[in-house]
1. Does segment 98-108 contain at least one residue that is open to solvent by 40 Å² or more (accessible area, probe 1.4 Å), within 27 Å of residue 228 (Cβ to Cβ) and not basic (Lys, Arg)?
2. Looking at (1) within 14 Å of the chain's Cα centre (by Cα); (2) under 22 Å from residue 75 (Cβ atoms); (3) surrounded by 23 or more Cβ atoms within 10 Å (Cβ to Cβ), which is the one condition that is false for residue 122?
3. Which count do you get for residues in segment 125-159 that are β-branched (Val, Ile, Thr), surrounded by fewer than 24 Cβ atoms within 10 Å (Cβ to Cβ), closer than 22 Å to residue 70 by Cβ and touching a strand residue (DSSP E or B) at 6+ places or on another chain (Cβ under 8 Å)?
4. Considering only segment 86-108, state which residues are within 19 Å of the chain's Cα centre (by Cα) and without any contact (Cβ under 8 Å) to a residue 24 or more places away in the chain.
5. How about segment 132-183: which of its residues are modelled with pLDDT of 95 or more, within 16 Å of residue 116 (Cβ to Cβ) and in a loop (DSSP other than H, G, I, E, B)?
6. From the list 23, 117, pick out the single residue that is under 26 Å from residue 179 (Cβ atoms) and either of a type in the set (Ser, Thr, Tyr) or under 16 Å from the mean Cα position of the chain (by Cα) (or both).
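The values are calculated or read from the model by the stated rules, or taken from the named source; none is laboratory data. What you are looking at is a predicted structure, and each value in this text was computed from that prediction instead of being measured. Please note: Cβ atoms are built from the backbone with ideal geometry, for glycine as well, and neighbour counts cover all protein chains shown. In case anyone asks, the SASA skips ligands and DNA or RNA and just uses the protein heavy atoms, side chains included. Shrake-Rupley method; radii C 1.70, N 1.55, O 1.52, S 1.80 Å.
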Amino acid sequence: MAQSDLRGKWAMVTGASSGLGTDFSRELARMEANLILVARREERLRQLADELRREYGIEVEAAPTDLAMQNAAEAIYRQQSEKARAVDILVNSAGFGVHGEFLENSWERERAMIEVDVITLVHLTKLLAADMVKRGYGRILQVASTAAYQPVPAYAVYGACKAFVLSFGEALNHELRGSGVTCTVVSPGVTETEFQQVAGHEYTGYMRLTQMTSPDVARIGIEAMLSGRSSIVPGIHNAAMVASVRFTPRRVVTALAGYFLKARR
């Protein structure tokens, strides 16, 4: 798909107030798509909306929403439906991780993570994809993680959430064949965002060595989405790691994941 094909189309980006969400929004704005920015932090959303309007001359709406709340997806969908606005592009970038031993982590925090990373993502996809299929056009980008490809000690629930997103997105893309709608999953490795700070995880040497910039990951993800790819792992080192997992016993992969993500001074 050519960049000009996005001109004037409406794209919804969740988690747009920081990190990958912000850079996905900038990448789409550069392609002249109009934007609906969804996240919890209203001030950041409005600042980004003003910036993108000024720089690219597009329409941008800030839609502050706490995606950890039940029925958040329905509230967002209803708001856009009332405006008779066709959302042709959905980027489900919202999400966070919780680092630590499973039995020691707060259930309230993990429940909120599951709500954002899985339930709201699936519900919003269901609502918007149905409309896309009726119109015969749509592009969906789900953000998973390299954590989706193996069990990750100290990120047990987060890794499981991302494994769900990867499996869900690839299966949905298959179901949508011939509809004019595609679903792509991008699985970044360590990325220069607020993720580690929010997760409560100190950077390790391995993480610093393999870290990618958020704009680079966003560009790769959007390009893959527009080309209709089922999934992509950004970065040569990340792709090599994911490939190696297929030929390694899972108990070994699990132990290695725990070793490389353990902070060492």
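1. Scanning segment 98-108 turns up no residue that is open to solvent by 40 Å² or more (accessible area, probe 1.4 Å), within 27 Å of residue 228 (Cβ to Cβ) and not basic (Lys, Arg).
2. (3)
3. Counting residues in segment 125-159 that are β-branched (Val, Ile, Thr), surrounded by fewer than 24 Cβ atoms within 10 Å (Cβ to Cβ), closer than 22 Å to residue 70 by Cβ and touching a strand residue (DSSP E or B) at 6+ places or on another chain (Cβ under 8 Å) gives 1.
4. Result: no residue meets the conditions.
5. Scanning segment 132-183 gives 144, 145.
6. 117
Okay, residues lined up against (1) farther than 23 Å from residue 144 by Cα; (2) in contact with a Gly (Cβ under 6 Å, 6 or more places away or on another chain); (3) assigned to a helix (DSSP H, G or I); (4) touching a residue at least 60 places away in the same chain (Cβ under 8 Å):
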{"site": "24", "(1), (2), (3), (4)": "no, no, yes, yes"}
{"site": "28", "(1), (2), (3), (4)": "no, no, yes, yes"}
{"site": "35", "(1), (2), (3), (4)": "no, no, no, no"}
{"site": "44", "(1), (2), (3), (4)": "yes, no, yes, no"}
{"site": "49", "(1), (2), (3), (4)": "yes, no, yes, no"}
{"site": "54", "(1), (2), (3), (4)": "yes, no, yes, no"}
{"site": "62", "(1), (2), (3), (4)": "yes, no, no, no"}
{"site": "80", "(1), (2), (3), (4)": "yes, no, yes, yes"}
{"site": "84", "(1), (2), (3), (4)": "yes, no, no, no"}
